[in-house]
Amino acid sequence: MSFIPYGRQSITQQDVQAVVDVLTGDDLTTGPTVTAFEQAVAEYCGAQHAIAVANCTAALHIACLALEVGPGDSVWTSPNTFLASANCARYCGAAVDFVDTDPQTYNLCAKQLKSKLESVASAGTLPKVIIPVHFAGQSCEMREIKTLADQYGVAVIEDAAHAIGGEYLGEKVGSCQYSDMAVFSFHPVKTLTTGEGGMLLTNNPELAEKLRLLRCHGMTRDLEQMQTTQAPEPWFYEQITLGYNYRITDIQCALGLTQLTRLDDFISARRAQVAHYNQALADLPLTTPYQHGDSNPGWHLYVITVAPKQRRALFDALRNAQIGANVHYIPVHTQPYYQDLGFAWGDFPQAEAYYQGAITLPLFPAMTRAQQDKVVAVIQAFFSAQSVGSQQIAAQTTT
Ligand SMILES: *Cc1c(COP(=O)(O)O)cnc(C)c1O
């Protein structure tokens with residue numbers, strides 16, 4: 001059996017044909033397929049507005065800009081995330097801080113958020129924005145987070161890069177029921193792919209309008225947005241703010257649209273694989289993913305934790321068996337760039353303790369039961385060798 005990656009896209013002939021159809025058509029970018037993909041994702045999630053962009057990092061950047069994050073502001077996120085969730089604030093010149101994670105879900109902890117908000121409120125150093133990250137596809141406790149955010153006048157961007165297709169309190173992640181905006185990633189390791197791509201969702205029409213401007217150079221052809229009051233010439237446009245080229249192509253959105261028709265199949269395959277792992281690994285000395293009662297995750301990642309002293313050896317055993325084990329995530333605040341900004345090991349002990357024992361196992365819709373059982377067998381063999389080893393040590397010390 002060949003190498004089993006930790007994640008992999010699922011591409012069918014239907015996907016290929018949809019891309020070819022756009023390639024041989026009239027619009028390669030900024031055409032009707034982008035709009036169709038936006039509408040389809042908005043409808044799937046139950047949100048009013050969707051804005052497709054080049055990638056999720058770009059989505060996070062313009063989400064911060066739309067909320068007017070800038071120098072002097074502070075943005076809080078989880079230390080257990082990909083770099084982009086923090087970097088987006090730095091692009092805007094804002095400071096970043098972190099809220100430590102929950103020991104069970106590994107998500108930004110709502111209780112710690114509460115005490116951190118309480119402790120900074122009197123000093124007047126509240127964040128402008130909080131970016132909770134739905135780690136592994138499981139929603140954060142958004143109801144609690146949104147209540148706190150409203151109480152302190154803080155905006156909320158959900159980093160839902162892992163979480164398309166999942167549900168929270170009976171609503172699809174991305175509905176923005178408890179946030180100002182949510183963002184998805186369509187990178188190939190994520191649950192739905194466009195090659196590279198991202199999407200912003202919001203129920204706020206003013207934010208949606210700003211995001212569309214920021215996606216494309218801050219330019220508009222809409223008279224209502226322009227400063228001129230004269231009927232514009234047919235070629236006329238105005239740049240009314242500083243935007244970027246964060247557009248996505250129709251080629252990518254064609255793939256996104258056909259992928260979306262299979263999203264529910266992807267999610268049920270992932271849930272079935274998670275259930276199988278949970279059951280097959282139940283009796284081993286490791287922790288399988290915890291599912292919060294408010295959440296029905298789409299499961300982007302399957303993460304186990306083991307004793308820190310065993311992590312490297314188990315990781316190596318998996319890699320030696322051609323299994324693409326991985327680790328998500330090195331806590332962002334420990335990166336040299338963030339250490340240069342004043343953070344250090346020890347600042348967020350929950351995220352650090354989790355990281356010391358974490359291993360991500362392969363999980364993707366096309367993974368076969370045989371591949372999954374191979375992963376399980378390698379882990380079982382690892383722990384039975386460990387227990388034989390420790391019995392030998394015990395025998396040696398008693399004789
Ligand atoms: C992948 C990822 C991103 C960035 O997505 P891109 O589309 O690669 O820019 C942001 N946040 C999280 C949590 C991610 O996993």
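A few remarks follow.
- Test result for residue 75, of a type outside the set (Asp, Glu), closer than 22 Å to residue 357 by Cα and either within 14 Å of the ligand (Cβ to nearest atom) or in contact with a strand residue (DSSP E or B) (Cβ under 7 Å, 6 or more places away or on another chain) (or both): no
- Pairs with Cβ under 6 Å, 6+ apart, first in segment 1-27 and under 21 Å from residue 265 (Cα atoms), second hydroxyl-bearing (Ser, Thr, Tyr) and assigned to a loop (DSSP other than H, G, I, E, B): 9/193
- Residue 368 β-branched (Val, Ile, Thr), modelled with pLDDT of 95 or more and surrounded by fewer than 17 Cβ atoms within 10 Å (Cβ to Cβ): yes
- A count restricted to segment 54-80 and to residues that are under 24 Å from residue 30 (Cα atoms) and in a loop (DSSP other than H, G, I, E, B) stands at 2.
- Pair list, Cβ < 8 Å and 6+ apart or interchain, from segment 319-338 residues that are assigned to a helix (DSSP H, G or I) to residues that are away from the ligand (no atom under 16 Å from the Cβ) and of a type in the set (A, V, I, L, M): 319/325; 333/344; 334/344
- Among the residues of segment 343-385, the one identified as part of a helix (DSSP H, G or I), among the polar types (S, T, N, Q), under 19 Å from residue 308 (Cβ atoms) and out of contact with any Asp or Glu (no Cβ under 8 Å at 6 or more places or on another chain) is 356.
- Boolean, residue 2 is out of contact with any Ser or Thr (no Cβ under 9 Å at 6 or more places or on another chain) and closer than 30 Å to residue 302 by Cβ: yes
- Taking the criterion of being within 16 Å of the ligand (Cβ to nearest atom), among the aliphatic types (A, V, I, L, M) and touching a Leu at 6+ places or on another chain (Cβ under 9 Å), the residues of segment 91-108 that qualify are 96, 99.
- The residues in segment 128-180 that are farther than 28 Å from residue 261 by Cβ and small (Gly, Ala, Ser) can be counted, and the count is 3.
- Any hit, segment 93-106, residues being aromatic (Phe, Trp, Tyr) and in contact with a Phe, Trp or Tyr (Cβ under 7 Å, 6 or more places away or on another chain): yes
- Test result for residue 171, over 15 Å from the mean Cα position of the chain (by Cα), surrounded by fewer than 20 Cβ atoms within 10 Å (Cβ to Cβ) and either within 11 Å of the ligand (Cβ to nearest atom) or closer than 20 Å to residue 49 by Cα (or both): yes
- Segment 109-164, subset among the acidic types (Asp, Glu) and not in a helix (DSSP H, G or I), residue nearest to the ligand (Cβ to nearest atom): 159
- Condition met for residue 351 (surrounded by 16 or more Cβ atoms within 10 Å (Cβ to Cβ), among the small types (Gly, Ala, Ser) and in contact with a strand residue (DSSP E or B) (Cβ under 8 Å, 6 or more places away or on another chain)): yes
- Residues being more than 30 Å from residue 145 (Cα to Cα) and surrounded by fewer than 14 Cβ atoms within 10 Å (Cβ to Cβ) - total across segment 285-318: 7
- Every test in (1) modelled with pLDDT of 95 or more; (2) more than 16 Å from the ligand (Cβ to nearest atom) is passed by residue 1 save one, and that test is (1).
- Residues of segment 292-318 satisfying the condition of being on the phi > 0 side of the Ramachandran plot and either among the β-branched types (Val, Ile, Thr) or part of a strand (DSSP E or B) (or both): none
- Residue list for segment 78-90, restricted to those being within 12 Å of the ligand (Cβ to nearest atom) and surrounded by fewer than 24 Cβ atoms within 10 Å (Cβ to Cβ): 82, 83, 87
- Of everything in segment 103-154 that is among the small types (Gly, Ala, Ser) and free of Cβ contacts under 8 Å to residues at least 12 places away in the same chain, the residue that is nearest to residue 89 (Cα to Cα) is 124.
The values are calculated or read from the model by the stated rules, or taken from the named source; none is laboratory data. No experiment lies behind these values; they were computed from the predicted model shown. Every residue, glycine as well, gets a Cβ built from its backbone with ideal geometry; the counts of neighbours run over all protein chains shown.
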